[in-house]
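Only one structure is covered here, and it is reproduced in the block below.
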Amino acid sequence: MKIKAKIYGLVGRNISYSFSAGYFNKKFAEKEKLKNCVYTNFDIKDIGELPEIIKATPKLKGMNVTIPYKEEVIPLLDSLSNTARIIGAVNTIKITKDGKLKGYNTDHYGFRKALEPLLNPDHTKALILGTGGASKAVAYALRKMKIEYDFVSRNGDETIFSYEDLDNEIFSEYTIIINTTPLGTFPGIESCPALDYTLFTKRHIAFDLVYNPTVTKFLRLAKENGATTENGYAMLVFQAEKAWKIWNEK
C-alpha cells in the first residue's frame, strides 16, 4: 500500500537562512515511518499570496509562520486556538481534513521551556525588546511564569519604554532582557538593539530569539558585561516539536 506524501512548510519573508526546513527534514529522514514527509519554505513577499499556495499544494498538512506574518496571517484563518487568540499571534497552522485552517501559537511554550533553566529568585522582572508578534508570545509566557514585564521600542510612550529611557536604575530592577526583534539576524549580523550594554551585569539574563548567528552582537556585548546569555535555538526546537504534535494529533 502506498503511503500518501505529506507536505509541511514555513511561511515568511527572506527565510532562506531558516532553521525549520533543515530541522524537520532531518527529523523525517531519521525516522523511516516519516520518509514520505517533506518540509519546504514558502518565501512570500505578501501574506495575500498564501491562499493560492495552499490551493496549489493539496498535500499540505501544516505550516509554521515566521516574521513578518505572525499577526498578518490571522484574518486568513478559519479559527484560532484559545492561546493564539489571547496572544494575538500565530506561528503554527494546522490544515484539517476538511481543508480548514486553524492557527496556534507554540512560541510561548518554546520560550518558557528555554528560559526556565536559567532563572533564579533574582529574576522577577523582564524587559521585552520589540512589540511584534514574537513579543506577544514572550509576554504571554512571562505572565504564566509570574514574571512582570515591560516593553521597549524605538518610539516609547506612557506605557512603553524607549531605548533612551533605559538606565542603571531600570536595569537594576529588570534583570531579564529579551530581544524579540530581528536585529542581528544573518546576514545583518552587525546590528543590535540600541541600548547601553554596559548596563548588563552578572545578575542579568540576555535572551535573544535570534538563532543565526549562534552568538549575536546583542548576546556578545551582554556577555562581555557579565550577563548569562541564551540564543533562540532551544526555543525553536521546543516550539517545533510542539507544532509537530499539533499537526499529528487525532
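The values are calculated or read from the model by the stated rules, or taken from the named source; none is laboratory data. Everything numeric in this text was worked out from a predicted model, so none of it was measured. Cβ atoms come from the backbone with ideal geometry, glycine included; neighbour counts cover every protein chain shown.
The figures follow:
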{"read-out": "Residue tally, condition more than 25 Å from Gly188 (Cβ to Cβ) and acidic (Asp, Glu), over the range 5-50", "value": "2"}
{"read-out": "Counted residues, the range 15-64 - those being part of a helix (DSSP H, G or I), hydrophobic (A, V, I, L, M, F, W, C) and surrounded by 15 or more Cβ atoms within 10 Å (Cβ to Cβ)", "value": "8"}
{"read-out": "For Lys45: the one exception among (1) under 29 Å from Ala141 (Cβ atoms); (2) within 20 Å of the chain's Cα centre (by Cα)", "value": "(1)"}
{"read-out": "Residues of the range 44-94 classified as polar (S, T, N, Q), at pLDDT below 95 and within 22 Å of Val210 (Cα to Cα), total", "value": "1"}
{"read-out": "Elements of type strands (runs of 3 or more DSSP E) in the range 113-203, at least 1 residues being among the polar types (S, T, N, Q) and either in the same structural domain as Lys217 (by TED's automatic domain parsing) or over 15 Å from the mean Cα position of the chain (by Cα) (or both)", "value": "148-153, 176-179"}
{"read-out": "Criterion: of a type outside the set (A, V, I, L, M, F, W, C), in contact (Cβ under 8 Å) with a residue 60 or more places away in the chain and not assigned by TED's automatic domain parsing to the domain that holds Ala194 - qualifying residue of Asn82, Asn64", "value": "Asn64"}
{"read-out": "Residue check for Phe161: of a type in the set (Phe, Trp, Tyr) and either closer than 25 Å to Arg85 by Cβ or in contact with a Cys (Cβ under 9 Å, 6 or more places away or on another chain) (or both)", "value": "no"}
{"read-out": "Flag if Ala222 is in the same structural domain as Arg112 (by TED's automatic domain parsing) and either hydrophobic (A, V, I, L, M, F, W, C) or touching a residue at least 24 places away in the same chain (Cβ under 8 Å) (or both)", "value": "yes"}
{"read-out": "Any hit, the range 204-226, residues being closer than 16 Å to Leu129 by Cα, assigned to a strand (DSSP E or B) and more than 17 Å from the chain's Cα centre (by Cα)", "value": "yes"}
{"read-out": "One residue from Gly88, Gly99, Gly110 being at positive phi, touching a residue at least 40 places away in the same chain (Cβ under 8 Å) and either under 11 Å from the mean Cα position of the chain (by Cα) or outside the structural domain of Thr181 (by TED's automatic domain parsing) (or both)", "value": "Gly88"}
